[in-house]
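Q: Quick one: the structure is below, and I'll ask about it shortly.
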Amino acid sequence: MSLVQFTADDSVGIIRLNRPPVNALSRELVADIAGAIDEAGHPSLRAIVIAGGDHFAAGADIKEFGAVFEGEGEDELAADLSRAVSRFEQLDKLTIAAVTGFALGGGLELAMGADFRFLAEDAQVGQPEIKLGIIPGAGGTQRLVRIVGWQRAKDLVLSGRIVAADEAQQIGLADKVLPADQVFDAAVADAKHWAAGPTRAIAAAKRAMLAGFGVEAGLDAEIAEFKALFSSNDAREGVAAFVEKRNPDFSGN
């Protein structure tokens with residue numbers, strides 16, 4: 001059964017993550033997201049909304065990281081998500097992320113692949129990977145800098161702190177903040193507005209802007225650093241502490 005529902009409302013494609021309770025990003029969910037993004041490329045669709053349920057996506061399924069430490073294959077979750085986010089970012093149509101609840105780690109990275117982010121008033125977003133002894137691995141170190149600026153991105157990535165919706169709007173990470181029960185409908189309504197516009201010109205403008213974005217080399221460096229950290233004692237300790245619900249004891253190794 002697919003963990004992502006893909007539907008259309010007139011010329012607006014809707015991607016809805018459906019792995020309750022928090023849409024933790026497992027390999028299966030990431031694969032289904034990638035498949036939905038491929039469907040979103042259909043020429044009959046002129047704008048796209050991506051959404052979750054009570055939560056947009058609360059980050060990677062940390063339990064899957066444990067298998068990597070046990071030698072059960074190289075982790076590809078972040079690399080697969082990174083590729084999916086890049087494809088989403090490069091869609092030749094306007095995209096909006098309707099964010100409710102948590103958008104953390106890979107969840108925020110997915111939302112940053114959209115052209116605009118609409119947040120619920122009680123939404124919480126951030127890149128908390130550093131608290132596990134790892135780093136964002138699906139574009140967080142790259143797109144966050146370009147959206148909120150160098151110093152704010154360093155603060156968020158290096159501290160791992162979680163940001164409320166009002167602060168997210170102040171720093172440019174949220175384009176609109178709305179009551180939770182209005183976020184999705186507002187995103188679809190705005191997507192329909194964009195879909196009725198000069199979508200060929202919108203696609204051209206997106207391509208031109210992305211060409212100057214210069215993100216590909218940075219994404220390659222990010223995923224290489226992310227994978228290398230899985231050989232560190234700190235990453236092993238950070239993931240174990242998260243699963244065991246205790247404070248990590250980092251050694252710096």
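Q: Which residue out of K206, K227, K192 is basic (K, R), over 21 Å from V125 (Cα atoms), over 21 Å from the mean Cα position of the chain (by Cα) and in a helix (DSSP H, G or I)?
A: One residue alone meets the criteria, K192.
Q: Give me a count of the residues in region 23-65 that are in contact with a Phe, Trp or Tyr (Cβ under 6 Å, 6 or more places away or on another chain), at pLDDT 95 or above and of a type in the set (V, I, T).
A: 1
Q: Scan region 99-151 for residues that are more than 24 Å from D185 (Cβ to Cβ) and in a loop (DSSP other than H, G, I, E, B) and jot them down.
A: Hits for region 99-151 are G105, Q127, G133, I134, I135, P136, G137, A138, G139, G149.
Q: State the number of residues belonging to region 209-224 that are of a type in the set (F, W, Y) and in a helix (DSSP H, G or I). Walk me through it before giving the result.
A: Going residue by residue through region 209-224, those that are of a type in the set (F, W, Y) are 213.
Within this subset, residues satisfying the condition of being in a helix (DSSP H, G or I) are none.
Number satisfying all stated conditions: 0.
Q: Next up: Just give me the residues in region 66-82 being modelled with pLDDT under 80 and in a helix (DSSP H, G or I), in sequence order.
A: G66, A67, V68, F69
Q: Do you know which residues across region 130-165 are buried (at least 19 other Cβ atoms within 10 Å of the Cβ), within 26 Å of R27 (Cα to Cα) and touching a residue at least 40 places away in the same chain (Cβ under 8 Å)?
A: Those that are buried (at least 19 other Cβ atoms within 10 Å of the Cβ), within 26 Å of R27 (Cα to Cα) and touching a residue at least 40 places away in the same chain (Cβ under 8 Å): L132, G133, I134, I135, P136, G137, A138, G139, G140, T141, Q142, R143.
Q: What's the total number of residues in region 103-119 that are buried (at least 24 other Cβ atoms within 10 Å of the Cβ) and over 10 Å from the mean Cα position of the chain (by Cα)?
A: 3
Q: Filter region 113-134 for residues that are among the aliphatic types (A, V, I, L, M) and within 15 Å of G101 (Cα to Cα) and give the result.
A: First, the residues of region 113-134 that are among the aliphatic types (A, V, I, L, M): 114, 119-120, 123, 125, 130, 132, 134.
Hits for region 113-134 are L119, A120, A123, V125.
Q: Suppose we keep only residues that are within 18 Å of the chain's Cα centre (by Cα) and assigned to a helix (DSSP H, G or I) within region 168-189. Which one would you say is surrounded by the fewest Cβ atoms within 10 Å (Cβ to Cβ)?
A: Selected residue: Q169.
Q: Let me ask something else. From the set of residues in region 1-58 that are basic (K, R) and without any contact (Cβ under 8 Å) to a residue 60 or more places away in the chain, which is nearest to D181 (Cα to Cα)?
A: Applying the filter and picking the extreme gives R16.
The values are calculated or read from the model by the stated rules, or taken from the named source; none is laboratory data. A quick note: this is a predicted structure, and the numbers were derived from the prediction, not measured. Positions of Cβ are generated from backbone atoms using ideal geometry, with glycine treated the same way; all protein chains shown enter the neighbour counts.
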